[in-house]
Amino acid sequence: LLNRLIWIFKRGVKMVKRLSVLLFFLFLSVELIAQADTVVYYGGSKGQMDVGLKSAGVKLGVVLPTGGDYDPNIKIAGFVDLGYLVPNLKPELFFEYWKVKRDEYGWSSADDDVKFSCIGGGASLKYLFDFHPRLKPFVGAGLGFNHYKTDYPKDWPQADEDETPLELHIDFGANLVLGEKFYAILSGKYNLSDIDNIDMMLGLGYNIVR
């Protein structure tokens, strides 16, 4: 009975997480329909919808799976900014890589580590708030394909595993304009998975078109 209750609780938590992302997508859809005829550019001027390759950049930070007793580790990512769909609402493509591990037996040798890695990519919709001409906080959500691989120690009773699910994520952070061509990014992402993971990253973007 206790195991059943724990299973029901975990399923409930996952449903709440997914519902929160779906509600955010609903908010973005309403915003898109209501303001589909204009767009706000980096400089603040308004015009028609403008979607295309606008900027690109890289990010570096730390990732921490929330389950599995894995240690935090370095994460690298790249992104492509695709302009604005409506005022303050921008689509973005991204790709990323990270690898974490846990010491299974407590020995000093790395041969007893369970290694868990991810190569992923996907798309996000971000809503930027008009907080300051140079500082734009944002929230967002999106979908991504993540290829997970689990490498077990030698002589482990089961084979290595891998899977590539389609998963939801939540974005948050801020963009800081550094000049005409460059801007800094402080961002976080919560990825909803069998083993959820959260990251905090610092990046630099380059405006290809301004």
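The values are calculated or read from the model by the stated rules, or taken from the named source; none is laboratory data. Since the structure is predicted, the reported quantities are computational estimates derived from the model, not experimental observations. Every residue, glycine among them, receives a Cβ derived from its backbone with ideal geometry; neighbour counts consider all protein chains shown. Keep in mind that these areas ignore ligands, DNA and RNA; they rest on the heavy atoms of the full protein, side chains included. Shrake-Rupley method; radii C 1.70, N 1.55, O 1.52, S 1.80 Å.
Total residues in the stretch 169-192 satisfying the condition of being at pLDDT below 90 and open to solvent by 10 Å² or more (accessible area, probe 1.4 Å): the figure is 2.
For the stretch 157-189, a tally of residues being assigned to a strand (DSSP E or B), touching a residue at least 24 places away in the same chain (Cβ under 8 Å) and within 18 Å of VAL58 (Cα to Cα) returns 11. If only residues of the stretch 136-151 that are open to solvent by 40 Å² or more (accessible area, probe 1.4 Å) and under 19 Å from PHE95 (Cβ atoms) are counted, the one that is nearest to the chain's Cα centre (by Cα) is LEU143. So, LYS154, is that one open to solvent by 40 Å² or more (accessible area, probe 1.4 Å), in contact with a helix residue (DSSP H, G or I) (Cβ under 7 Å, 6 or more places away or on another chain) and over 20 Å from GLY61 (Cα atoms) or not? Yes, satisfied. For the structure I just gave you, tell me whether ILE33 is β-branched (Val, Ile, Thr), open to solvent by 50 Å² or more (accessible area, probe 1.4 Å) and modelled with pLDDT under 60. Yes. Check the stretch 135-144 and report whether any residue there is basic (Lys, Arg) and closer than 19 Å to PHE79 by Cβ. Yes: the stretch 135-144 contains one or more residues that are basic (Lys, Arg) and closer than 19 Å to PHE79 by Cβ.
Tally up the residues in the stretch 193-210 that are of a type outside the set (Asp, Glu), assigned to a strand (DSSP E or B) and surrounded by 15 or more Cβ atoms within 10 Å (Cβ to Cβ), please. Spell out the reasoning first.
Taking the stretch 193-210 as the starting set, the residues that turn out to be of a type outside the set (Asp, Glu) are 193, 195, 197-198, 200-210.
Then drop every residue that is not assigned to a strand (DSSP E or B), which leaves 197-198, 200-207.
So of that shortlist, the ones also surrounded by 15 or more Cβ atoms within 10 Å (Cβ to Cβ) come out as 197-198, 200-201, 203, 205, 207.
Selection size over the stretch 193-210: 7.
Of everything listed in (1) touching a residue at least 40 places away in the same chain (Cβ under 8 Å); (2) open to solvent by 20 Å² or more (accessible area, probe 1.4 Å), the single unmet condition for ILE119 is (1). Each residue in the stretch 75-99 was checked for being within 17 Å of the chain's Cα centre (by Cα) and either at pLDDT below 85 or farther than 24 Å from PRO137 by Cα (or both), and 3 of them qualify.
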